[in-house]
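Notes follow once the structure below has been shown.
The values are calculated or read from the model by the stated rules, or taken from the named source; none is laboratory data. Please read all numbers here as calculations on a predicted model, not as lab measurements. Virtual Cβ from ideal backbone geometry, glycine too; neighbours counted across all protein chains shown. Remember, those area values only see protein heavy atoms, side chains included, never the ligands or the DNA or RNA. Shrake-Rupley method; radii C 1.70, N 1.55, O 1.52, S 1.80 Å.
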Amino acid sequence: MKSPDPNGSNAPDQQGKPSGFSRRQLLAGTPLAAFGVAVSGLNLGNVTSSVAAELTEKKNSVETAADPSPGSEAKKEQLDDFMFDIEKDGKGWTGPGGSAKEASVAEFPLSQSIAGVSMRLNPGGFRELHWHAIAAEWAYVLEGHVRTTVISPDGQAETDDFQVGDIWYFPKGHGHALECLGNQPCHFLLGFDSGHFSEFGTFSVTDWLGHTDLGILSRALNLPAAALVNIPKKEVYIGTGHVPPKDAPDNLNPAVPPSQSSHKFRMETMPPTHEFSGGFIKVVSSKEFPIQRTLTAARMDIESGGLREMHWHPNADEWQFVMGGEGKVTIFGSHGRVKTMAYGPGMISFVKQGYGHFVENTGAETLRLLILFNAPTYEEILLTSWLAANPAQLVADHFGLTLDQVNEFPKDSDGIITSRI
Ligand code: MN
Ligand code: MN
């Protein structure tokens, strides 16, 4: 997305605390050597990313082993806030063709892996031809109709029309454009598989051509330079044009071969992947939507009073957008760190990979969630499934309960429950 500040005030070093893990903790913890980590001569302030990742893994061992007892001093560290109101607080852009609100790491530093944009186009409005250098683009249509065009590196192109509940996915770097279809405005939620997509990553065609020598453009586009003097000198971003015809017209070159892999999936019309007593989930991974290679999408409804059970995702961060309703999310971040935050329409919640969490519907309406995971396959482990997969005596001994009591625990986990008692 276009930054209102072309000099890039959103520098990467303004991102927030990376992971709740500080160098201080690492250095103050039990000596790493005790855990088999070779640290001799290692400059922790300048580690390579692979070494840093390895150390981040090891730090969990360090934290656990160095702090075995509940209530010890290290428990004072709190989880970061994990919600953001994209409609209210997102960085905004408005023009005659439409508007956009953005949540990248500049606005929502916790979400390093996924960024979002809420975009509206007016009739005749178009999001100009562009690509994203460092991120793939996903979207869900919330209102109206949208037409997209996209080209792949193999020279194949696709034009698709989208209605409410449809999703698209454009791999990183593939050139694309969006048009509002018909005489009503459209609204869609965009998701990107990098929280940093905005600052470093959006390349627009008018931005490039407007900053290219006219002699070069004349040669490249086969027009006299005089015909090109009035092209935009800066990025258009969202432009105004003609309402597109109902049927997609030919491309400039009608012979461009059609894409062999679909960029479109009708998410809302698919049947639920799982139906529960308190709601449903539809999961669209790369299995259902093969081109969606870096993300898994989900639609979840939690009925009023319902509880999305305690669980975690071993392989992915979770990014939720509230389409409707009200709820509360509680996250468990190890080390005694637990935080609950409330959300409602237009808000985003972010749960880091592996962090335990649950969601309560606190309102009278169905809580309707649109969810992205930054992995092509879907994984979850439910607390109740986990407990049920252990011997009754072992479970009883953990909690000081009797065998009779733990035998009341659910044997078949639900997923989204109304009430059990
Ligand atoms: Mn895009
Ligand atoms: Mn989850």
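The set of residues in the range 387-396 that are open to solvent by 60 Å² or more (accessible area, probe 1.4 Å), closer than 23 Å to GLU309 by Cβ and assigned to a helix (DSSP H, G or I) contains only LEU394.
Among THR384, THR377, THR340, which is the only one that is open to solvent by less than 40 Å² (accessible area, probe 1.4 Å) and out of contact with any Leu (no Cβ under 6 Å at 6 or more places or on another chain)?
On the way: THR377 fails: open to solvent by less than 40 Å² (accessible area, probe 1.4 Å); THR340 fails: open to solvent by less than 40 Å² (accessible area, probe 1.4 Å).
Answer to the check: THR384.
Check VAL205, VAL229, VAL243 and return the single one that is in contact with a Gly (Cβ under 7 Å, 6 or more places away or on another chain) and either aromatic (Phe, Trp, Tyr) or open to solvent by 30 Å² or more (accessible area, probe 1.4 Å) (or both). On inspection, the qualifying residue turns out to be VAL243. Filtering VAL243, VAL205 for residues that are outside the structural domain of ASN361 (by TED's automatic domain parsing), within 22 Å of VAL141 (Cβ to Cβ) and of a type in the set (A, V, I, L, M) leaves a single hit, VAL243.
Which pairs do you get when a residue that is at negative phi, found in the range 186-206, comes within reach of a residue that is aromatic (Phe, Trp, Tyr), reach meaning Cβ atoms under 6 angstrom, with the pair 6+ apart or on two chains? Listed pairs, sorted by first residue: LEU189/TYR140; LEU189/PHE321; GLY191/TRP138; PHE203/TRP131. Within the bounds of the range 290-309, is there any residue that is within 18 Å of the chain's Cα centre (by Cα) and closer than 18 Å to PHE84 by Cα? Within the range 290-309 (the criterion being within 18 Å of the chain's Cα centre (by Cα) and closer than 18 Å to PHE84 by Cα), the answer is no, since none of the residues qualifies.
Based on this model, can you work out whether ASP161 counts as within 16 Å of ligand 1 (Cβ to nearest atom), of a type in the set (Asp, Glu) and not assigned by TED's automatic domain parsing to the domain that holds ALA298?
Values: within 16 Å of ligand 1 (Cβ to nearest atom): no; of a type in the set (Asp, Glu): yes; not assigned by TED's automatic domain parsing to the domain that holds ALA298: yes.
No.
The residue of the range 288-308 that is farthest from GLY191 (Cα to Cα), among those that are more than 9 Å from ligand 2 (Cβ to nearest atom), open to solvent by less than 10 Å² (accessible area, probe 1.4 Å) and part of a strand (DSSP E or B), is ILE302.
Answer with yes or no whether GLU408 is buried (at least 17 other Cβ atoms within 10 Å of the Cβ) and either over 30 Å from TRP168 (Cβ atoms) or touching a Cys at 6+ places or on another chain (Cβ under 7 Å) (or both). Quick ask: steps written out before the conclusion?
Numbers: buried (at least 17 other Cβ atoms within 10 Å of the Cβ): no; either over 30 Å from TRP168 (Cβ atoms) or touching a Cys at 6+ places or on another chain (Cβ under 7 Å) (or both): yes.
The answer is no for GLU408.
Of the residues screened, GLY210 is not one that is open to solvent by less than 40 Å² (accessible area, probe 1.4 Å), touching a residue at least 60 places away in the same chain (Cβ under 8 Å) and not basic (Lys, Arg). Within the range 170-180, is even one residue among the acidic types (Asp, Glu), at pLDDT below 95 and away from ligand 2 (no atom under 16 Å from the Cβ)? No, that holds for no residue. Residues that are touching a residue at least 24 places away in the same chain (Cβ under 8 Å), more than 18 Å from GLY98 (Cβ to Cβ) and more than 22 Å from the chain's Cα centre (by Cα) within the range 148-179 comprise ILE151, SER152, GLY155, GLN156, ALA157, GLU158, THR159, ASP160, listed in sequence order.
Of all residues in the range 351-368, those satisfying the criterion of being closer than 18 Å to SER111 by Cβ and touching a Gly at 6+ places or on another chain (Cβ under 6 Å) are TYR355, VAL359.
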